[in-house]
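Working notes, beginning with the structure itself.
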2 protein chains.
Amino acid sequence: MNLNKYNQIYQEISSDISGGKYKKDDVLPSEHRLVETFDVSRETVRKALNLLQENGFIQKMKGKGSVVIYNPSMDFTVSHLTSFKEIQQLKTKQYSTAVVELKRYPAEQFPKVMVALDLAPEDKVWQLIRQRKYEGKTHIVDMDYFTVDMMPGLSIQVAEDSIYEYIEKKLGLTIAYSHKEITFDAMTEHEIELFDHNDLSYVATVRSVVHLNDARPFQYNISKHLASEFKFVDFSRRFHGD
Amino acid sequence: MNLNKYNQIYQEISSDISGGKYKKDDVLPSEHRLVETFDVSRETVRKALNLLQENGFIQKMKGKGSVVIYNPSMDFTVSHLTSFKEIQQLKTKQYSTAVVELKRYPAEQFPKVMVALDLAPEDKVWQLIRQRKYEGKTHIVDMDYFTVDMMPGLSIQVAEDSIYEYIEKKLGLTIAYSHKEITFDAMTEHEIELFDHNDLSYVATVRSVVHLNDARPFQYNISKHLASEFKFVDFSRRFHGD
DNA sequence: GAGTGGTCTAGACCACTTG
DNA sequence: AAGTGGTCTAGACCACTCC
């Protein structure tokens, strides 16, 4: 898809790192070298390297070079989806999805959703409830809200497959960013039912509002994870700006 | 500190947004305009705008402009520290810090720490345990491990003030990035003591390994938060790279 | 001093949005 | 057609590291 040069360079180097061609603590070829091998300008190489740095593959050091900090084995420590990266990987895991409910409601029914999705009281929203099961046991219960006007064709079919593929491939919309919040809560009665088991009645709650690349709020998601099975992993860089 | 141009522009615009000069859904002046007002080249303006976008202040739209997506009121939804941003803000909150323990151990005593900090079995590490109290109640228990060689002068004094200031101002080291992992766990006996109360015996555990800008691992931190008081907030962008 | 990454410039061409 | 952001270039000067 992405035909620009710095992205191609990013792809090539990041898969070289994931694939083991460059290992942790290796130093990448210098920017000057990369300019030669890829036959592009230096700023283009630098865009690719900055992407690699932001995404936790390398650390650039003035006067030294770009050192690989990524260890492929870290990939497998992630057990459940909470980030976009993991959402994309959902299909590769053995979760089965069961749709519990898919209904239209007036937005005023859910005040928080109404505010988050920037809707009028009489606007219609989809409420979608799904169980994510692993080896027959429900690990995650997802509660989603979408603006009906933006997703006229939502169906149980689609909800059982990938909603994100439907959004991006069929509707031609582009997901851009999200705000997320994680808390720890006791299960409600309804949740105890949905998790159909009762040895531990606590959940990790991930609430998020997902926006498109035109900044429209698109999805309000409440994802309840069995607390004992939940793990959130994150890579972050410190911002030095003063 | 940071004397480069794009950072100054970033600072100016981000504080204009935080301060309410630009409100949510406002459109920033075009890149062309900003080039004129700041008297810099376009790529420099673009670096500042890209920073604003990465940090959740604006969304850039081809053909339209840069729209403000940041709402200052979101700032106050954060209740506890989990990110670098919040660590920097710790001093502005009314936590008091009590040092429970500060001792040297051979690294082999803590195998996970030894691996994470890349140490030999006989290398020495500091173990530091601190309670963070709010209105007399312990909300957070921090367990930290540092390489003694890198922090020869660590003391209870320093541990009660800001360790990060000591690291960056006194030792001249620069924090660059960290890997973080959040889980929810039942309290251990020791933790029940340290939290000196027992209405809810669950904690949110944030484990992180912090690295310097030369990629050396520096700190292994286990931060236990009273589960009922814990909230982690996050802004993230989806990467579109294929 | 040679090599590395960090910042900045002036200009070009393109794709998208809006009238 | 005019205005917007996205990509890319060729070159410059600087700060840092290592020998």
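Please treat every number below as a calculation from the coordinates, not as lab data. Since we're looking at a predicted model, the values are computed, not measured. Glycine gets a Cβ as well: all are built from the backbone with ideal geometry, and neighbour counts include every protein chain shown.
Copy-to-copy spacing for A:VAL99, label 7 Å out on the Cα-to-C-beta vector, in nm, shortest first?
Those label-point separations list as 6.0 nm.
Holding the Cα-Cα limit at 21 Å, pick out from A:LYS133/A:LYS169; A:LYS24/A:LYS62; A:LYS137/B:LYS224; A:LYS5/B:LYS62; A:LYS224/B:LYS24 the pairs that are longer than that.
Too far apart for the 21 Å limit: A:LYS133/A:LYS169; A:LYS137/B:LYS224; A:LYS224/B:LYS24.
What percentages, rounded to whole numbers, describe P(r) for chain B computed over all alpha carbon pairs with 5 Å bin width beginning at zero?
1, 5, 11, 14, 15, 13, 12, 10, 8, 6, 3, 1, 0
Over segment A:5-74, what number does the Rg to Rh ratio reach, with both radii from the alpha-carbon atoms and Rh per Kirkwood?
Looking at segment A:5-74, the ratio lands at 0.93.
Using only helices, what value at 222 nm comes out for chain B when you add -39,500 (n - 2.57) per DSSP H run of length 4 or more and divide by the total residues, to the nearest 500 deg cm²/dmol?
So the helix-based figure for chain B works out to -6500 deg cm²/dmol.
Would you mind telling me which residue in A:LEU154, A:LEU102, A:LEU49 has the biggest mean-square fluctuation in a Gaussian network model of chain A, where springs connect alpha carbons within a distance under 10 angstrom?
Sorting by GNM fluctuation, first place goes to A:LEU49.
I'd like the Karplus ³J(HN,Hα) series for segment B:24-34: coefficients 6.51, -1.76, 1.60, θ = phi - 60°, whole numbers in Hz, and an x wherever there's a Gly or Pro.
Ordered by residue, 3J(HN,Hα) equals 3, 6, 5, 9, 5, x, 5, 4, 4, 4, 5 Hz.
Within the set B:LYS60/B:LYS231; A:LYS180/B:LYS180; A:LYS47/B:LYS47, which residue pairs have Cα atoms separated by over 20 Å? Walk me through the numbers on the way to the answer.
On the way: B:LYS60/B:LYS231 29 Å; A:LYS180/B:LYS180 16 Å; A:LYS47/B:LYS47 11 Å.
Correct reply: B:LYS60/B:LYS231.
In nm, one decimal, shortest first: how far is the label point of B:GLY63 (7 Å from Cα along Cα to beta carbon) from the matching points in the other copies?
In ascending order, 4.9 nm.
Could you give, in nm with one decimal, how far A:GLY20 is from each other copy of that position, shortest first, with labels 7 Å out from Cα toward Cβ?
Going from nearest to farthest copy, the values are 5.9 nm.
Using just the C-alpha positions of segment B:155-242 as equal point scatterers, what log10 of I(q)/I(0) does the Debye formula give at each q in 0.18, 0.21, 0.22 1/Å?
-1.00, -1.11, -1.13
What number, in nm² with one decimal, is the all-direction average of the projected area of the convex hull of the alpha-carbon atoms of segment B:88-232?
8.6
Between B:THR147, B:GLN109, B:ILE17, whose Cα lies farthest towards the positive end of the dipole of the protein assembly as shown when Lys and Arg beta carbons carry +1 and Asp and Glu beta carbons carry -1, centred on the Cα centre?
My answer, from the dipole projection, is B:ILE17.
For the rotation that brings chain B onto chain A, whose beta-carbon in chain B is nearest the axis, and what is that distance in whole angstrom?
Value returned for chain B: B:PHE184, 2.
Using the Karplus curve 6.51 cos²θ - 1.76 cosθ + 1.60 with θ = phi - 60°, work out ³J(HN,Hα) for each residue of segment A:142-156 in order, rounded to whole Hz, and write x for Gly and Pro.
9, 10, 10, 10, 10, 5, 4, 4, 8, 9, x, x, 5, 9, 4
Would you list which lysines come within 18 Å of A:LYS124, measuring only between C-alpha atoms, while excluding same-chain residues fewer than 8 positions from it?
Result set, ordered by chain and number: A:LYS103, A:LYS112.
From the convex hull of the Cα coordinates of the protein assembly as shown, what is the mean projected area in square nanometres?
Quarter of the Cα hull surface area: 24.9 nm².
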